[in-house]
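The values are calculated or read from the model by the stated rules, or taken from the named source; none is laboratory data. Source: prediction; values computed, not measured. FYI the Cβ positions are ideal-geometry reconstructions off the backbone, even for glycines, and counts take in every protein chain you see. Surface areas here come from the heavy atoms of the whole protein model, side chains and all, with no ligands, DNA or RNA. Shrake-Rupley method; radii C 1.70, N 1.55, O 1.52, S 1.80 Å.
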Amino acid sequence: MQITFYGAAGTVTGSCFKVTTTSGSKILVDCGLFQGPQEIKERNYVEFPFDPKEIDVVVLTHAHIDHSGLIPKLCKKGYKGKIYATSVTVDLCSIMLPDAAHIQEMEVERKNRKLARANKPLLQPIYTIADAEKCMEQFYGVNYDTKIEILPGIIAVFRDAGHILGSAMIELYADGKKIVFSGDIGNINQPIINDPTEIKKADYIVMESTYGNRFHLEAEDKMVQLARIIKKTIKKGGHLVIPAFAVERTQDLIYSLGKLINSGEIPEIDVYIDSPLAIKATEIFCKYPEFYDEEASELNKEKEDCPLNFPGLKFALSTEESKAINFIKNSAIIISASGMCDAGRIKHHLKHNLWRPESTVLFVGYQAQGTLGRRILDGEKLVKIHGEEIAINADIEKIEGFSAHADQKGLVEWVKNFTKDPEKIFLVHGEPEAMKTLSKILQEETGNTILIPEINETFELDVNKINTVVDKEKQEVAQDKVNDTFVFIEKKLKDLLVDEKNRIKILEELEQLKKKFSN
């Protein structure tokens, strides 16, 4: 059995992994959009490094675009099989994928106007709204904690990941092995949703590492911080602009703002949700109270209404309603997507507020390297939005506690819950420094073998040693040429390792392996 890492390897986005069984079945876990710097986003436009027609089945951890966003392209390129996901994820994808297509179409249309004036070749979107809507016919909703035979003899079980509503960790049983794909592991004590499932046994783990080198604030602190920032902005007489992912983060904020207003912690203030996608997602959240945690469930029963409703909450669905927000004179809270400020209506609100010293921009989620949000957060004083240079005079704030990802402590604790040590743990979905730090901590505290795959790298899972396959030529190396393979690995290690102590230790272990396989 093999596993190949086509995305989220060496980067935070583009989650996509292929498991190939000994019988030749091909299972794709996630098929996400690449986000961030231009050189990474370019991967969305090239052909898949595999033939979509040869994939037998797709299982999807959750609806976030960096996990689901290339599914329409996959289907457009010939994939005809089922896409298994939780029922909530199916509903969320039905709004998120067409929305992603709409953003692509709008961005391409804007760029093509410039290209046409320069007499240059025009661009095509990765996929259209029609492509996104059509691929939904292949989705198949499943329940948590239920064994699903996704292919003959291959079982998948979806466990609650506690990341966003409907998110899942996927247990995959094939060839007598159990592989756990963590998806995105949720932060504990998040509003509305349950804490991540503790899984006890696995042969292999493919694990996210987004916050592998960072820690969140305690849950109590984020509410205090949020109240402080709101009151400060009201006192200045400006707007509080919050870039937030339309799914989960926006609903967390709505829930928290409702609690602050209802308790009198902050003055009554108009809260605008300016994202058609977030509005539809909020409706879906209200549709599934059976997935709420205990607090949200009790509030839902007490109010006899969705816990995401409160006085002063306003939804801007149309473009005209969105534009009108920028002419409001009283202080207001504006929550808009996208969460990393790379597309969508948030860019317009930043354009109108970043230069105003009386306004505040509050980041409540992860900002990938190269994104507009990351550049603002890193302290740039001048940014370009829609071709116009905007000075940054607004206060820039950040609250970590709203993150839907587990921090380093949460990730390590999740691994420690395993009563049977996995043979290998593959770290994905993180920036290089986060993965290196988490790898070191996990090795020290659990003793597990940790690997950090590179993009398009393949690993054999059927043998005691791990055979790394960098390209097709190495896949064809015969077993009787093990010594040649060790020479290659030894050379790569010498090239890559800069720490003398680590080099000596690993090369000593390599010599022991050589002797073992020579015998």
Relative contact order as a percentage, the stretch 221-286, C-alpha pairs under 8 Å and 6+ apart, gives 40 percent
Treating only Lys and Arg (+1) and Asp and Glu (-1) as charged, each at its beta carbon, one finds that the stretch 1-70 has a dipole about its Cα centre, in Debye to the nearest 20, of 80 debye
Answer in debye to the nearest 20: the dipole magnitude of the stretch 254-297 about its Cα centre, from +1 Lys/Arg and -1 Asp/Glu charges placed on Cβ, is 160 debye
With the 1.4 Å probe rolled over protein heavy atoms, the chain has an accessible area per residue in Å² of 45 Å²
For 439-445, 205-211, 190-196, ranked highest to lowest by mean beta-carbon neighbours within 10 Å, the order is 205-211, 190-196, 439-445
A correct Kirkwood calculation over the Cα atoms of the stretch 53-156 returns a hydrodynamic radius in Å of 15.0 Å
The cysteines in the chain that find no other cysteine Cβ closer than 4.7 Å to their own Cβ are CYS16, CYS31, CYS93, CYS341
Under Stokes-Einstein, the stretch 59-109 at 4 °C and 1.567 mPa s, with its Kirkwood radius over C-alpha pairs, diffuses with a coefficient in µm²/s of 113 µm²/s
When the charge dipole of the stretch 99-146 is computed with +1 on Lys and Arg Cβ and -1 on Asp and Glu Cβ about the Cα centre, the Cα farthest towards its positive end, among ILE103, THR146, LEU122, belongs to LEU122
The FRET efficiency for GLU433 and ASP270, from their Cβ-Cβ distance with R0 = 45 Å and rounded to 0.05, is 0.65
For the pair ASN393 and SER263, the simple spin-label estimate (label points 7 Å beyond Cα toward Cβ) gives in nm 3.5 nm
Flagged as over-length at 21 Å C-alpha distance, from LYS53/LYS424; LYS73/LYS436; LYS287/LYS314, the pairs are LYS53/LYS424; LYS73/LYS436
Scoring the stretch 1-90 by relative contact order with C-alpha pairs under 8 Å, at least six apart, yields a percentage of 26 percent
1/(1 + (r/R0)^6) with r = Cβ-Cβ of CYS286 and GLU320, R0 = 22 Å, i.e. FRET efficiency to nearest 0.05, evaluates to 0.30
Here the gain from full extension of GLN124 to ARG228, 0.36 nm per residue of separation minus their alpha-carbon distance, amounts to 32.9 nm
Here, GLU298 and LYS409, labelled 7 Å along Cα→Cβ, have an inter-label distance in nm of 2.4 nm
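Relative contact order for the stretch 36-130: what percent, with Cα pairs under 8 Å and sequence separation of 6 or more? Present the calculation step by step, with values, prior to reporting the outcome.
Working: 82 pairs, mean separation 26.3, N = 95.
Relative contact order, the stretch 36-130: 28 percent.
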Taking every other residue with Cβ under 13 Å from the Cβ of GLU445 and scoring Lys and Arg +1, Asp and Glu -1, one gets 0
By the mean-Cβ-within-10 Å protection proxy, highest first, 333-343, 309-319, 414-424 rank as 333-343, 414-424, 309-319
antiparallel share of DSSP beta bridges within the chain, to nearest 5, in %, is 50 percent
Sorted largest first, the Cα spans of the stretch 325-387 on the principal axes come out in Å as 34, 22, 21
Per residue, the convex hull enclosing the Cα atoms of the stretch 368-462 spans a volume in Å³ of 143 Å³
Neighbours of PHE48 by Cβ distance under 11 Å: Lys/Arg at +1, Asp/Glu at -1, summed charge +3
Zone reached by a paramagnetic label modelled 7 Å from THR446 Cα along Cα→Cβ, restricted to the stretch 170-197 with backbone N below 19 Å, covers 170-173, 177-188, 195-197
Per the Cα gyration tensor, the chain corresponds to an equivalent ellipsoid with semi-axes, largest first in Å, of 40, 25, 24
Placing each pseudo-label 7 Å from Cα in the direction of the beta carbon, GLU105 and HIS386 end up separated by a distance in nanometres of 2.0 nm
Given 348-359, 292-303, 81-92, 96-107, the highest-first ranking by average Cβ count within 10 Å works out to 81-92, 96-107, 348-359, 292-303
Over 20 Å (Cα to Cα) among LYS416/LYS440; LYS231/LYS323; LYS82/LYS134; LYS280/LYS329; LYS231/LYS409; LYS351/LYS381 -> LYS231/LYS323; LYS280/LYS329; LYS231/LYS409
Of the accessible area of the chain, computed with a 1.4 Å probe and all protein chains kept, carbon and sulfur make up a percent value of 50 percent
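Give me the net charge for the shell around LEU70: Cβ to Cβ below 15 angstrom, other residues only, Lys and Arg +1, Asp and Glu -1.
Net charge around LEU70: 0.
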Computed for the chain: size of charge dipole around the Cα centre, +1 on C-beta of each Lys and Arg, -1 on C-beta of each Asp and Glu, debye to nearest 20, value 1420 debye
